[in-house]
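Q: Before I ask anything, here is the structure I am working with.
Rule-based calculations on the coordinates, nothing more; no lab input. Everything numeric in this text was worked out from a predicted model, so none of it was measured.
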């Protein structure tokens with residue numbers, strides 16, 4: 001599950017990995033091309049290889065984040081914002 005800006009809302013555990021120089025260089029170039037972080041590429045790779053988890057796990061995540069920002073008053077009228085985005089896409 002991704003928040004605006006591409007950040008995951010799932011809890012994370014910090015890990016340290018050692019990458020060969022060539023792989024690190026290649027991932028760094030890809031990250032720049034895709035305008036993403038190296039960390040985002042590394043996080044996405046296991047999901048692409050091993051899958052995103054069960055449907056039940058995904059539903060639990062969606063239910064856990066439902067209404068996450070419902071009490072924020074600094075976002076303005078989000079429904080109007082979404083309508084404006086949709087009209088620009090046409």
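Q: Rounded to the nearest 10 degrees, what's the angle between the helix 38-50 long axis and the longest principal axis of the chain, both from Cα atoms, 0 to 90?
A: Between helix and principal axis, roughly 90 degrees.
Q: Taking the chain as a Gaussian network, Cα atoms linked when under 10 Å apart, which of 25, 77, 44 shows the biggest mean-square fluctuation?
A: 77
Q: Helix 21-34 versus the longest principal axis of the chain: what angle, 0 to 90°, nearest 10, using Cα atoms?
A: 20
Q: Hey, in the GNM for the chain with a 10 angstrom Cα cutoff, which one of 61, 37, 78 fluctuates hardest?
A: The residue with the greatest mean-square fluctuation here is 78.
Q: Tilt of helix 78-89 relative to the longest C-alpha principal axis of the chain, in degrees (0 to 90, nearest 10)?
A: 70
Q: Under a GNM of the chain (C-alpha, springs under 10 Å), which listed residue has the highest mean-square fluctuation: 29, 72, 43?
A: Result: 72 has the largest fluctuation of those listed.
Q: When N counts the residues of the chain, how does its alpha-carbon radius of gyration compare numerically with 2.2 N^0.38 Å, as a ratio?
A: Rg over 2.2 N^0.38 Å, computed on Cα atoms: 1.42.
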